[in-house]
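Note sheet for the following structure.
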Amino acid sequence: MRRILFLARAEVLHVVRDRATLAQVLVVPIVQLLALSNAATFQIRDTPTYVVDPDRSTASRRLIERFEASGHFRVAGRSASSDLADEALLGGDATLALTIPHDFEAALVRTGVAPLQLSMNAEKGSAAGIVQSYASAIVSDYASELSAARGGAARIDVRTRSWYNPTLNYRHYMVPGILVALVTLIGTLLTAQNIAREKELGTLEQLNVTPITRGQFIAAKLLPFWTLGLIDLAVGLLVGAAVFGIPIRGSLLLLFGAASVYLIVALAIGLWISTIVETQQQAMFVTFFVMNVYLLMSGLFTPIDSMAPWVQVVSQVNPVRHFVTISRAVLVKGAGVRDIAQPLLTLVAFAVITLTLAVRQYSKRTA
């Protein structure tokens, strides 16, 4: 028993003295708990809503106030144009468009019945159904209040339009995101493991004394995984369309162009991970941590709208989020370059910054 306790004490001391191991045991799980518990939620709140209100009456203002006060909706834009609302839905700036007709209050006073239109971005599948139920409940409660105030029945006739995914098929929402996850895994994990393996075998030091420059070595290491990532995306699209019936409404050339940029980001992150680890096992652990945070804060499994406000802000520096947005917009919505310009330019900036930092860090570690 004394021997067991002695050996156990030695292991504890080893863990305490090894900062990397101590961080894996204590720091990493706490960070994941704090971040992911706010990201992995199915509660829908602060849904960005575009309001079209040509009526501008007391009744319409009060209805809009009910939506804002509920906590489930956030007014992201207002105008009297339905075309601007449609653009907001296509560009991803709004999930719901609330259209109040110009004679809304007059119809309530005259006949006790007024029309109302809810246009939803149904790209998010079942989440769109939850948004619709929240909106319908608010409208129903407001109609009841009007009935009590008027002393007679008041009814709001809600007409719903579901855009891009009218059947609320969850596969149309998930499969494009899962393809992004697979591309990310290839780009990040395999790159980190490949260079870590060179360290373990001792061939990295041998390559550093050859006439090959570090730039040539890094390009030779990353190019195969960049190509493999694009091939994996192509195969995934074929399987998704053939097996799951995933729509391909946009330009595949645009999608693969964005994927080419995104893969540079994923490869750069894998290269950076390889500079802070010494073994393939460490590379797998660090990549697992990064992937967990990236995927759960990307809107892959749960909509960004449902996350805590601070998580939504932090997720802006998550490249996976931007490529998930692009892939869903191109495949499900048929979006063009103009519609995805913001996330695409963000990925370009990420590619330049992460690759530059990763190459510099790699050069320092191998100098």
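No value in this document is a laboratory result; all are computed from the given coordinates. On a predicted model such as this, the values are computed, not experimentally measured, just so you know. Note: ideal-geometry Cβ built from the backbone for every residue, glycine included; neighbour counts use all protein chains shown.
Here are the numbers for the structure shown:
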{"read-out": "Cβ crowding within 10 Å averaged over residues, with 182-192, 49-59 ranked highest first", "value": "182-192, 49-59"}
{"read-out": "Check: the range 258-360 dipole with +1 on Lys, Arg Cβ and -1 on Asp, Glu Cβ, in debye", "value": "200 debye"}
{"read-out": "Residue 352/residue 68 FRET efficiency (R0 41 Å; Cβ-Cβ; nearest 0.05)", "value": "0.55"}
{"read-out": "Environment charge of residue 96, counting only residues whose C-beta is closer than 15 Å and scoring Lys/Arg +1, Asp/Glu -1", "value": "-1"}
{"read-out": "Sorted peptide list for 274-284, 248-258, criterion being average Cβ within 10 angstrom, highest first", "value": "274-284, 248-258"}
{"read-out": "Estimated dipole of the range 35-188 in Debye, rounded to 20 [Cβ of Lys and Arg +1, of Asp and Glu -1, Cα centre]", "value": "280 debye"}
{"read-out": "Convex hull projection area averaged over all views, the range 85-144, Cα basis, nm²", "value": "4.4 nm²"}
{"read-out": "Ratio Rg/Rh [Cα only; Rh per Kirkwood] for the range 201-324", "value": "1.03"}
{"read-out": "Nitroxide proxy distance, nm - points 7 Å out along Cα→Cβ at residue 167 and residue 197", "value": "4.2 nm"}
{"read-out": "Selection from 114, 162, 182, by position along the positive dipole direction of the range 69-205 (Cβ)", "value": "114"}
